Amino acid sequence: MPKVVVIGGNAAGMSAASKIKRSGKDFDLFVFDSSDFLSYGACGLPYLFSKEVSDENKLFALTDEEILKRGIVIRKNETALQLLPGRKRVLFKNLKSGRVSEEDYDYLVIATGAKPKKIATPHFEGENLFSLHTLEDALRIKRFLTKNNVYSAVIIGAGFIGLEMAECLSKAGIKVSLISNKRNFLKKLNDDFSQKLAEHLEEKGVRVYSETSIQGVKKEENKIVSIETNKGVLSGDIFLYAIGVVPNTNFLQDSGILLESNSGIKVDERCRTNLHNVYACGDCCSVKNILTGKYGYYPLGTTANKMGRVAGANIAGEKEEFKGVLGTSIIRVFDYEIAMTGLTSQEAKQEGFAVVETSIKSKSKAHYFDTAGNVFINIVAERGKILGAQIMANEGTKGRIDTLSAIILGELSLDDAKYLDLAYAPTFAPVWDPLLVALQKLK
């Protein structure tokens with residue numbers, strides 16, 4: 001019976017393993033993971049701190065017992081040290097016992113995910129400094145908050161985790177300072193929306209420090225007391241860094257597997273690497289941008305799950321393909337929903353597109369509702385072809401950004417898109433939906 005080894009037991013890895021088992025084909029299936037926790041929703045971790053997720057056990061998609069019932073053998077606390085493709089083996093180290101072992105395979109799925117970027121400032125470490133990437137990270141933060149009097153937090157990084165934690169810690173009664181070394185939030189949120197978001201965060205009590213660099217750190221008894229920046233000294237009881245992630249692929253050096261310049265594994269549309277019977281999926285991979293055809297890094301949960309399914313399907317003998325991404329994403333920050341898809345104006349220009357752009361302000365419901373909020377939409381296009389969009393609103397953002405993503409993927413012309421048959425009732429939208437208003441304005 002063919003043996004499949006999966007390295008990584010969360011979104012991508014467990015999706016691959018589950019798809020293989022659902023195929024009904026006979027495989028011996030083993031999932032190795034460096035963690036003690038498998039198959040949980042890491043995207044929900046920040047909401048443990050706002051109590052919107054009341055118990056970390058609710059994050060699990062599958063219990064260990066349910067995984068075993070599917071016929072999947074699990075090996076926890078096992079980190080991959082080296083891939084030996086010539087011998088079709090992987091070298092693992094058990095993080096608890098220190099034992100090193102080799103595991104043979106007929107098929108291998110690499111789903112090792114990402115790891116947090118580290119802050120380069122010397123001596124930037126301490127028992128009150130945390131990142132939030134895994135459930136273990138969340139539990140460490142929870143223990144620290146329980147055992148210590150924490151009144152203030154400094155968050156370094158204004159991406160998804162940084163912004164979500166700014167909201168969630170604020171809701172927990174902690175005074176938050178948020179540092180970004182750039183002007184724009186979420187890496188590529190446009191200037192106007194970034195300014196609106198900064199103002200909204202300040203209204204909610206979060207001190208925002210944009211274009212701020214860390215220059216030094218002050219410590220006492222293995223705790224960070226304050227950090228020095230180009231905009232002054234910031235003190236806190238707890239410090240969180242969330243400056244992005246990189247592919248977790250160090251163990252693949254000298255394996256012969258193809259990596260992109262960002263260290264992500266290069267795969268084809270069937271999630272195959274250049275090595276025989278070796279597949280890869282999720283945040284450890286580079287992914288093709290559908291609009292540009294170029295490979296980039298898009299560490300998103302939706303992408304990981306889809307790639308895992310495709311890898312598993314192809315190992316099981318099916319022929320499924322993952323065509324790539326637009327980078328469609330969404331976040332809630334206090335009262336605003338912010339979403340984006342495709343290229344920004346700057347990215348489109350860098351790719352050589354003749355860019356036209358429009359921005360509109362509308363209402364989320366019919367104007368006569370007191371509860372109608374503002375909807376801000378920015379759309380980037382070229383000669384009747386939509387290339388990207390960003391939306392910021394109090395409600396209704398997901399449906400509109402998903403519609404724009406479908407327009408781009410379906411290659412609808414602007415003439416067709418601006419008269420889409422969208423649902424209407426005054427409690428949900430104006431008679432001219434803000435999306436159609438923005439599309440009508442494009443020339």
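The values are calculated or read from the model by the stated rules, or taken from the named source; none is laboratory data. None of the values given here were measured: they were computed from a predicted structure. All Cβ positions, glycine included, derive from the backbone under ideal geometry; neighbour counts span all protein chains shown.
Within the range 120-168, track down each residue that is hydroxyl-bearing (Ser, Thr, Tyr), touching a residue at least 12 places away in the same chain (Cβ under 8 Å) and under 27 Å from LEU38 (Cα atoms).
Scanning the range 120-168 gives SER131, THR134.
Tell me, yes or no, whether the range 375-396 has at least one residue that is among the small types (Gly, Ala, Ser) and either assigned to a helix (DSSP H, G or I) or within 27 Å of GLY282 (Cβ to Cβ) (or both).
Yes, the range 375-396 has at least one match.
Under the condition of being within 19 Å of GLY205 (Cβ to Cβ) and charged (D, E, K, R), which residue from the range 139-174 is surrounded by the fewest Cβ atoms within 10 Å (Cβ to Cβ)?
LYS171
Restricting to the range 260-278, what's the tally of residues that are crowded, with 19+ Cβ neighbours inside 10 Å and either part of a strand (DSSP E or B) or within 20 Å of the chain's Cα centre (by Cα) (or both)? Write out each step before concluding.
Taking the range 260-278 as the starting set, the residues that turn out to be crowded, with 19+ Cβ neighbours inside 10 Å are 264-265, 267, 271, 273, 275, 278.
Adding the requirement that they be either part of a strand (DSSP E or B) or within 20 Å of the chain's Cα centre (by Cα) (or both) leaves 264-265, 267, 271, 278.
The number of residues fulfilling the criteria is 5.
Does the range 215-228 hold any residues that are in a strand (DSSP E or B) and surrounded by fewer than 19 Cβ atoms within 10 Å (Cβ to Cβ), and which are they?
To start, the set of residues in the range 215-228 that are in a strand (DSSP E or B) comprises 215-220, 223-228.
GLN215, GLY216, LYS218, LYS219, GLU220, LYS223, VAL225, SER226, GLU228 - these are the residues of the range 215-228 that are in a strand (DSSP E or B) and surrounded by fewer than 19 Cβ atoms within 10 Å (Cβ to Cβ).
Which residue out of GLY308, GLY317 is under 27 Å from ILE408 (Cβ atoms), in contact (Cβ under 8 Å) with a residue 24 or more places away in the chain and either of a type outside the set (Val, Ile, Thr) or in contact with a Pro (Cβ under 8 Å, 6 or more places away or on another chain) (or both)?
Numbers: GLY317 fails: under 27 Å from ILE408 (Cβ atoms).
Going through GLY308, GLY317 in turn, just one is under 27 Å from ILE408 (Cβ atoms), in contact (Cβ under 8 Å) with a residue 24 or more places away in the chain and either of a type outside the set (Val, Ile, Thr) or in contact with a Pro (Cβ under 8 Å, 6 or more places away or on another chain) (or both): GLY308.
Would you tally the residues in the range 229-240 being buried (at least 19 other Cβ atoms within 10 Å of the Cβ), over 24 Å from PRO299 (Cβ atoms) and either of a type in the set (A, V, I, L, M, F, W, C) or modelled with pLDDT under 95 (or both)?
The number of residues fulfilling the criteria is 2.
Search the range 241-259 for residues being part of a loop (DSSP other than H, G, I, E, B) and of a type outside the set (Gly, Ala, Ser), and hand back the single one that is surrounded by the most Cβ atoms within 10 Å (Cβ to Cβ).
Restricting to residues being part of a loop (DSSP other than H, G, I, E, B) and of a type outside the set (Gly, Ala, Ser), the top hit is THR249.
Can you list the strands (runs of 3 or more DSSP E) found entirely within the range 49-105 that contain at least 3 residues being surrounded by 14 or more Cβ atoms within 10 Å (Cβ to Cβ)?
72-75, 78-84, 89-94
Is it fair to say LEU422 is surrounded by fewer than 16 Cβ atoms within 10 Å (Cβ to Cβ), in contact with a helix residue (DSSP H, G or I) (Cβ under 7 Å, 6 or more places away or on another chain) and free of Cβ contacts under 8 Å to residues at least 60 places away in the same chain? Lay out the reasoning, then the answer.
Values: surrounded by fewer than 16 Cβ atoms within 10 Å (Cβ to Cβ): yes; in contact with a helix residue (DSSP H, G or I) (Cβ under 7 Å, 6 or more places away or on another chain): yes; free of Cβ contacts under 8 Å to residues at least 60 places away in the same chain: yes.
Yes; evaluated as a whole, the condition is true for this residue.
Restricting to the range 76-117, what's the tally of residues that are of a type outside the set (A, V, I, L, M, F, W, C) and closer than 23 Å to GLY41 by Cα?
Narrowing the range 76-117 to residues of a type outside the set (A, V, I, L, M, F, W, C): 76-79, 82, 85-89, 93-94, 96-99, 101-107, 112-113, 115-117.
From the residues that got through so far, the ones that are closer than 23 Å to GLY41 by Cα too are 76-79, 112-113, 115-117.
Residues flagged as of a type outside the set (A, V, I, L, M, F, W, C) and closer than 23 Å to GLY41 by Cα within the range 76-117 amount to 9.
Surrounded by 14 or more Cβ atoms within 10 Å (Cβ to Cβ), of a type in the set (Gly, Ala, Ser) and not in a helix (DSSP H, G or I): which single residue out of ALA366, ALA354 fits that description?
ALA366
Within the range 279-292, how many residues turn out to be assigned to a loop (DSSP other than H, G, I, E, B) and without any contact (Cβ under 8 Å) to a residue 60 or more places away in the chain? Talk me through it step by step, then tell me what you get.
If we filter the range 279-292 for residues that are assigned to a loop (DSSP other than H, G, I, E, B), which is where we start, we get 281-284, 286, 290-292.
Then drop every residue that is not without any contact (Cβ under 8 Å) to a residue 60 or more places away in the chain, which leaves 286, 292.
Result for the range 279-292: 2.
Report, by residue number, each residue of the range 1-20 that is assigned to a strand (DSSP E or B) and either farther than 14 Å from ARG75 by Cβ or among the β-branched types (Val, Ile, Thr) (or both).
Initial filter on the range 1-20 (assigned to a strand (DSSP E or B)): 3-7.
Within the range 1-20, VAL4, VAL5, VAL6, ILE7 qualify.
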